[in-house]
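The values are calculated or read from the model by the stated rules, or taken from the named source; none is laboratory data. Everything numeric here is computed off the predicted structure, so don't read it as measured data. Positions of Cβ are generated from backbone atoms using ideal geometry, with glycine treated the same way; all protein chains shown enter the neighbour counts. These area figures cover heavy atoms from the full protein model, side chains too; ligands, DNA and RNA do not enter into them. Shrake-Rupley method; radii C 1.70, N 1.55, O 1.52, S 1.80 Å.
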Amino acid sequence: MKFWNLAGPAITALLAAGCAGGAGANSKGASEKGTKMPKASSFEEIAELLKPTLGSCQRMQTTGPGVELQVSDRSRGGKEKAICWYQEQKFAVEFLLIDADNSTIERFFKNYDSVSSERVGMGFTVRDTGGASDEIEAALQQKLKESGLKFLNCENDFTPYSGIDFVEAKTKGCRYTSVQRF
């Protein structure tokens, strides 16, 4: 009986810890285990971060049509935009430099109780420019998933479930997640 009296609280503590580790509870654990947001402060750094998954950026456009900052870019904290062409892959990707701490984009999506459609790193976003075939588009989305970039999710009712990697954002109620949810 003495064994049970000593073991009971230990078993209860272990079970409680196991239950706490259920759906969506990996927030601190994932961050502590090294799940980090890729960081970049220039278009060249973004291209270098994406090189292992997308290959080499063949041509980068930083001026002219298609790279002007739109109102929606500025409202999300956009500072500069570029388009990078990956000729072997037959697609183009848009890079947007944003606030280094992502504060503006977090507030933007929090205000709209919404989820980003682009992949986000610290200080930048990446999205495809569209226009590619469905097959190329699917391959690009898979490659971007492998890049470690996340979607910013600021939906009030969202709790990450088991299997989703996520990193808590600075803005309360926002998370960077490995999957996009609408």
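Percentage of Cα-Cα pair distances in the stretch 67-182 greater than 21 Å, rounded to whole percent? So the portion of pairs separated by more than 21 Å is 37 percent. Qualifying trypsin sites (Lys or Arg not before Pro) in the stretch 142-179, where qualification requires a DSSP coil assignment and no more than 12 other C-beta atoms within 10 Å, comprise Lys170, Lys172.
Heavy-atom accessible area for Met37, with the other protein chains in place and a 1.4 Å probe, reaches approximately 20 Å².
Sites listed here are chymotrypsin sites (Phe, Trp or Tyr not before Pro) in the stretch 91-159 whose DSSP assignment is loop and whose Cβ has at most 13 other Cβ atoms within 10 Å: Tyr112. For the stretch 70-145, the per residue solvent-accessible surface stands at 47 Å², with DNA, RNA and ligands left out and a 1.4 Å probe.
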